[in-house]
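Worksheet for the structure shown next.
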Amino acid sequence: MQVCHSVRELRAFLAHHPQAKVGFVPTMGNLHAGHCQLVTQAKQLAEIVVVSIFVNPLQFGVNEDFGSYPRTLAADCEQLEAVGADVVFAPTVTEMYPDFDGQDLRQAVVIQPPALANELCGASRPGHFVGVATVVAKLFNMVQPQVAVFGKKDYQQLMVIRALVRQLNFNVEILAGETVREPSGLAMSSRNGYLSATEKTQAAQLYQQLQRIKQALLAGQRDYASLCKQAVAGLNQQGWQVDYVDIRRQTDLTLPDANDQAWVVLAAARLGGTRLIDNCEVSL
Ligand code: PAF
């Protein structure tokens, strides 16, 4: 497995395999079983799999965890080697953003994603999806993959990336990877590492609330607002600070009406100092 820190090195490696189908898994590192599954998925479709590891300053708000986000390159590389990744691309901030410091957007060429990016997580994290869309567009230009795999755990991100690819004509197929969960139901996330042992047990409550809404939808309930309100109240009572619980259309995250048959229930909430997100698809 080759580790590249510069775009030049990455391009030199890829130039040696001009005919190979390239698969790509973008990450911010601190990898877990969910990331490994995305790599395995990419391996099944591509001859060369590139995994990027880059903690992207542009997608963090000023009071967020950019500084403390775990950087664990050596351990990440061990895991990636074990699942058969071919290239790890781990650029520095200066390599990724040569003309600005990664913070002051006025110096940067950025991608403005569609209005969906201002709802749900975009409402609680203004500018987050501008950062995501910009770095992913840059990574696509650097890696030039034929296929890229994104986890469904970041469901809204997946929709923003699909819009980016469609509207900017990137020649890449976007695939979705299923969320990998702890036995408790807690979705695997790099941010789970911030939780204390007690909080980690409690964190499964987010998944449980989503499951309650799923069962209610399957049982025919269509009062979406009241289902979400109950879940928010339940989480608040259990000591969470809820950003949102919402039910949207699976296809494009627009608001469903009573005739819809395929939804995604999405939630974001803080437990102690840790913000967690999760979602579950529900189809009749
Ligand atoms: O999902 C993530 O880890 C990040 O948002 C991504 C897609 C790697 C962009 O920085």
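Scanning the range 179-208 for residues that are more than 24 Å from V149 (Cα to Cα) and either touching a residue at least 12 places away in the same chain (Cβ under 8 Å) or surrounded by 15 or more Cβ atoms within 10 Å (Cβ to Cβ) (or both) yields a count of 13. Every listed requirement among (1) within 27 Å of Q19 (Cα to Cα); (2) open to solvent by 20 Å² or more (accessible area, probe 1.4 Å) is met by A90 save one, (2). Scanning the range 102-114 finds no residues that are in a helix (DSSP H, G or I), more than 12 Å from the ligand (Cβ to nearest atom), modelled with pLDDT of 95 or more and of a type in the set (A, V, I, L, M).
In the range 47-58, the residues that are farther than 24 Å from V130 by Cβ form Cβ pairs under 7 Å with partners that are assigned to a strand (DSSP E or B) and near the ligand (Cβ under 10 Å from one of its atoms), at six or more places apart or across chains, as follows: V49/V25. Inspect all residues belonging to the range 122-130 and state whether any of them is open to solvent by less than 40 Å² (accessible area, probe 1.4 Å), touching a Pro at 6+ places or on another chain (Cβ under 9 Å), more than 30 Å from H5 (Cβ to Cβ) and within 15 Å of the ligand (Cβ to nearest atom). Looking through the range 122-130, at least one residue is open to solvent by less than 40 Å² (accessible area, probe 1.4 Å), touching a Pro at 6+ places or on another chain (Cβ under 9 Å), more than 30 Å from H5 (Cβ to Cβ) and within 15 Å of the ligand (Cβ to nearest atom).
Can you say whether V83 is within 13 Å of the ligand (Cβ to nearest atom), surrounded by 15 or more Cβ atoms within 10 Å (Cβ to Cβ) and in contact (Cβ under 8 Å) with a residue 12 or more places away in the chain, as far as the supplied structure shows? Against the criterion (within 13 Å of the ligand (Cβ to nearest atom), surrounded by 15 or more Cβ atoms within 10 Å (Cβ to Cβ) and in contact (Cβ under 8 Å) with a residue 12 or more places away in the chain), V83 does not qualify. The single condition among (1) open to solvent by 60 Å² or more (accessible area, probe 1.4 Å); (2) free of Cβ contacts under 8 Å to residues at least 40 places away in the same chain that Q167 does not meet is (2). Determine whether K43 is closer than 18 Å to L139 by Cα and among the basic types (K, R). No. Filtering the range 131-147 to residues that are within 11 Å of the ligand (Cβ to nearest atom), surrounded by fewer than 23 Cβ atoms within 10 Å (Cβ to Cβ) and free of Cβ contacts under 8 Å to residues at least 40 places away in the same chain leaves only A137. Regarding V160, is this residue among the β-branched types (V, I, T) and open to solvent by less than 20 Å² (accessible area, probe 1.4 Å)? Yes: the conditions hold for V160. Just so you know, in the range 34-68 the residues that are open to solvent by 50 Å² or more (accessible area, probe 1.4 Å) and farther than 20 Å from R275 by Cβ include one that is nearest to the ligand (Cβ to nearest atom), and it is Q37. Counting the residues of the range 10-40 that are outside any strand (DSSP E or B) and over 16 Å from the mean Cα position of the chain (by Cα) gives 13. Of all the criteria given as (1) without any contact (Cβ under 8 Å) to a residue 60 or more places away in the chain; (2) surrounded by 19 or more Cβ atoms within 10 Å (Cβ to Cβ); (3) of a type in the set (D, E, K, R), the one not satisfied by R71 is (2).
The values are calculated or read from the model by the stated rules, or taken from the named source; none is laboratory data. These numbers come from a predicted model, not from an experiment. Please note: Cβ atoms are built from the backbone with ideal geometry, for glycine as well, and neighbour counts cover all protein chains shown. Just the protein is used for accessible areas: all its heavy atoms, side chains included, with ligands, DNA and RNA removed. Shrake-Rupley method; radii C 1.70, N 1.55, O 1.52, S 1.80 Å.
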